[in-house]
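Written below as structure tokens is the structure these notes are about.
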Amino acid sequence: MNAVIKPPAPRSSPHVDLPADAPSDLLDAGAQAFLADLHTAFEGERQARLAARARRQRAFDAGDVPGFRTDTRSIRESAWRVAPLPAALRDRRVEITGPVDPKMVINALNSGANCYMADFEDSTSPTWDNLLTGQRALRDAIAGTLEFTTPAGKHYALKPEDQRAVLIVRPRGWHLDEKHVRIDGAPMSGALFDAGLFAFHNAHALAAKDRGPYVYLPKLESMEEAQLWEDALSHIERSLGLPAGQIKVTVLIETLPAAFEMDEILYALRQRIVGLNCGRWDYIFSYIKTFRRHRDRVLPERGQVTMTQPFLKAYSELLIQTCHRRGAHAMGGMAAQIPIAGDDAANDAAMARVRADKLREVTAGHDGTWVAHPALIPIAKQIFDERMHGPHQHAMTRDDVLVDADDLIAPSLGTITYAGFAANVEVCVRYIAAWLAGNGCVPIHHMMEDAATAEIARAQLWQWMHHADDGHAPLYLDDGTAIDDALFDRVLLSLPSRLARQDIPGQARVAEAIALLEALTRRDVLEDFLTLPAYVRL
């Protein structure tokens with residue numbers, strides 16, 4: 001008797017769960033199916049990449065240090081170049097960054113900067129409302145219809161299209177979930193939700209204008225993570241009927257492991273990558289996190305960790321050399337200063353620091369830079385205009401740069417003062433409170449703080465306090481005070497009354513922020529990202 005062969009059972013479509021109030025203009029059946037397809041195709045590999053991160057960190061905690069890979073030596077040593085740059089991204093001398101609320105989107109596109117990085121990551125608190133408002137604002141901006149009126153009646157509208165900055169969108173990193181979108185019961189990747197939904201609604205309109213889509217990719221730690229983005233973006237292009245390589249990317253080199261794989265990251269994305277960016281603040285945070293158990297590599301307080309520190313200078317110069325060798329832009333880092341009203345001397349000093357930083361970047365060979373406030377655009381632009389006479393500086397190959405693995409992890413000299421310790425505590429509390437209240441970009445002491453800068457403060461507090469737990473003597477402030485629970489408690493206890501007298505974002509959530517910071521700082525293991533435990537509270 002012949003066996004009866006049954007056909008395979010048809011695969012059921014993934015089940016998508018959304019909040020009841022999910023808007024149909026953004027998340028209709030087509031968008032849901034598109035997002036579910038992305039999740040199904042790439043969630044397994046995303047989890048594998050995150051597991052690889054955790055394994056590598058355990059090795060660092062056991063005493064290993066990062067180094068250049070032996071299995072990819074041929075990529076580093078062979079001659080190849082990335083695909084030609086699109087015309088709209090040839091000149092990127094000044095880029096402004098910020099969150100994706102309508103007022104910011106309009107002001108940034110109208111700012112006079114060459115590009116605007118619309119940020120769903122470090123400067124956006126990912127409330128469901130913030131994310132959807134941002135997606136809608138970008139869609140309307142691309143259509144040219146975005147307007148905004150404040151409760152006081154002030155009206156904001158876009159300038160003509162030829163006077164607007166070029167739009168580049170930064171989705172969240174691979175490590176973040178989007179809890180409001182569950183597919184077959186599992187949360188979707190925040191990265192694929194942000195990038196996928198943006199592309200679904202805007203890719204064809206942007207392609208028709210020769211404007212991308214363009215995206216900034218954050219928090220990568222390896223070539224394999226870059227390859228995951230390559231695979232996902234290629235999948236998006238095929239699904240939407242776009243030409244291969246239509247979506248162009250810039251990668252932030254803002255983790256210490258990624259600095260050892262810059263050639264490899266460029267290679268994995270070579271058909272679509274436009275450049276690398278020195279994401280300095282997250283890079284400092286990553287250095288602390290990577291070496292959290294290495295007493296010989298404890299950094300001094302944040303204010304002393306400038307780009308002149310040997311490990312940061314080596315990283316930025318290697319990035320320039322690597323990018324220019326491959327035909328890609330080498331973008332400089334963020335100037336986080338904001339203007340200081342009512343104190344001319346302090347403002348002049350702050351702007352002088354911005355000028356010095358931008359002069360360092362353009363002299364080193366960077367092809368552009370970032371600012372956090374529109375008032376800094378003329379300063380940065382003047383410096384780059386005076387010294388960068390073409391659209392970029394790719395001809396500056398920096399053959400003089402000789403950076404080895406030891407240079408990239410060199411210890412830093414400096415001190416920890418009481419003021420520096422207390423500032424870290426205050427920045428953490430104020431930023432967490434604002435973030436929990438839905439604000440991811442907060443001016444604190446004339447600096448624009450986002451998740452990256454808050455992470456430096458949070459990770460330093462943990463590291464400084466936990467070295468005694470690792471069997472060492474405690475670390476000390478420059479005045480001889482031990483960095484211990486007593487010092488931490490003293491600073492924490494002084495905050496509530498002081499902050500209560502100030503008009504600060506998130507005032508109602510200060511107590512919750514203090515409790516969260518205290519729990520994270522006293523925990524035996526450094527939490528990978530502040531936003532992971534904070535996200536469950538949104």
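The values are calculated or read from the model by the stated rules, or taken from the named source; none is laboratory data. Keep in mind that this is a model prediction, so the values were computed, not measured. In this analysis, Cβ positions are derived from the backbone assuming ideal geometry, glycine residues included, and neighbour counts consider all displayed protein chains. These accessible areas exclude ligands, DNA and RNA; they are computed on the full protein's heavy atoms, side chains included. Shrake-Rupley method; radii C 1.70, N 1.55, O 1.52, S 1.80 Å.
Towards the positive end of the charge dipole of the range 90-242, with charges on Cβ (+1 Lys, Arg; -1 Asp, Glu), say which of Leu206, Gly173, Leu233 has the farthest Cα.
Leu206
Mind checking which lysines have their Cα closer than 17 Å to the Cα of Lys154? Skip sequence neighbours fewer than 8 apart in that chain.
Lys103
In whole Å, how far is the Cα centre of the range 40-88 from that of the range 404-475?
26 Å
Cut-off under 21 Å on the C-alpha distance; same-chain residues fewer than 8 positions from Lys358 excluded. Which lysines are left, in chain and number order?
Lys313, Lys381
All other residues with a Cβ under 12 Å from the Cβ of Leu520 taken together, and with Lys, Arg as +1 and Asp, Glu as -1, what is their net charge?
-2
About the Cα centre, and with charges only on the beta carbon of Lys, Arg (+1) and Asp, Glu (-1), how big is the dipole of the range 470-520? Nearest 20 debye, please.
340 debye
Sorting check: for 42-50, 64-72, which peptide has the highest mean count of neighbouring beta carbons within 10 Å, and how do the rest follow?
Answer by packing, highest mean first, reads 42-50, 64-72.
Magnitude of the Cβ-charge dipole of the range 241-383, K/R +1 and D/E -1, about the Cα centre, nearest 20 debye?
The calculation lands at about 340 debye.
Note down the net charge around Asp489, summing +1 for each Lys or Arg and -1 for each Asp or Glu among other residues with Cβ under 12 Å from its Cβ.
It works out to a net charge of -1.
Which distance in nm do the two modelled labels at Asp296 and Ala51 give, with both placed 7 Å along the Cα-to-Cβ direction?
So the label points at Asp296 and Ala51 sit 3.4 nm apart.
Mind checking the per residue accessible area of the range 452-538 for me, 1.4 Å probe, whole number of Å²?
Value for the range 452-538: 44 Å² per residue.
Given Cα pairs under 8 Å that are at least 6 residues apart, what percent is the relative contact order of the chain?
Dividing the mean separation by the residue count of the chain yields 16 percent.
Under the classification rounded if a/c is under 1.5, otherwise prolate if a/b is larger than b/c and oblate if not, where does the range 451-508 fall, given a ≥ b ≥ c as square roots of the Cα gyration tensor eigenvalues?
prolate
Given points 7 Å out from each Cα along the Cα-Cβ axis, report the Trp80 to Arg182 separation in nanometres with one decimal.
Reported label-point gap for Trp80 and Arg182 is 4.2 nm.
What net charge is computed for the residues neighbouring Arg73, neighbours being all others with C-beta under 11 Å from the C-beta of Arg73, Lys and Arg scored +1, Asp and Glu -1?
Once positives and negatives cancel, what remains is -2.
DSSP beta bridges in the chain, what fraction antiparallel, as a percent rounded to 5?
Just about 35 percent of them are antiparallel.
If we sort 205-211, 249-255, 103-109 on the protection proxy, mean other Cβ atoms within 10 Å, highest first, what's the order?
Most protected by this proxy first, the peptides run 249-255, 103-109, 205-211.
Choose one of Pro84, Pro99, Phe120: the residue whose Cα lies farthest towards the positive end of the charge dipole of the range 65-120 (beta-carbon charges +1 Lys, Arg; -1 Asp, Glu; about the Cα centre).
So the residue furthest toward the plus end is Pro84.
Carbon and sulfur together cover what percent of the accessible area of the range 295-349 at a 1.4 Å probe radius?
Summing carbon and sulfur atoms, their accessible area is 50 percent of the total for the range 295-349.
Give the accessible surface of the range 287-347 per residue, rounded to a whole number of Å², with probe radius 1.4 Å and ligands, DNA and RNA excluded.
That works out to 31 Å² per residue.
Among rounded, prolate and oblate, which fits the range 305-422 when a ≥ b ≥ c are the square roots of the eigenvalues of its C-alpha gyration tensor, a/c under 1.5 means rounded, and a/b larger than b/c means prolate?
Because a/c hits 1.5 or more and a/b fails to exceed b/c, the range 305-422 counts as oblate.
Which of the peptides 360-372, 437-449 is most tightly packed, and how do the rest follow, going by the mean number of other Cβ atoms within 10 Å of each residue?
My ranking of the peptides, most packed first, is 360-372, 437-449.
Name the lysines eligible as straight-distance cross-link partners of Lys209: C-alpha to C-alpha under 16 Å, and not fewer than 8 places from it in the same chain.
Within the straight-line limit of under 16 Å, Lys209 reaches these lysines: Lys248.
Testing the spin-label approximation: label points 7 Å from Cα along Cα→Cβ at Asp400 and Lys159. State their distance in nm.
My value for the distance between the label points is 3.7 nm.
Place a +1 charge on the Cβ of each Lys and Arg in the range 175-275 and a -1 charge on the Cβ of each Asp and Glu, then give the dipole magnitude about the Cα centre in debye, rounded to the nearest 20.
520 debye
At R0 = 51 Å, how high is the FRET efficiency between Thr363 and Ala20 if r is their beta carbon distance? Nearest 0.05 is fine.
Working from the Cβ atoms, E equals 0.40.
Relative contact order for the range 205-349: what is it in percent, counting Cα pairs under 8 Å that are at least 6 residues apart?
Averaging sequence separation for qualifying contacts and normalising by length gives 22 percent for the range 205-349.
Projecting each Cα onto the charge dipole of the chain (Lys/Arg +1, Asp/Glu -1 at the beta carbon, about the Cα centre), which of Ile142, Ile338, Gly153 comes out farthest on the positive side?
Ile142
To the nearest 0.05, how large is the calculated FRET efficiency for Asp71 and Asp524 if R₀ is 30 Å and r is the Cβ-Cβ distance?
Once the sixth-power term is evaluated, E becomes 0.30.
With the cut-off at 1.5 for a/c, could you classify the chain from its C-alpha gyration tensor as rounded, prolate or oblate?
Cα axes put the chain in the rounded bin.
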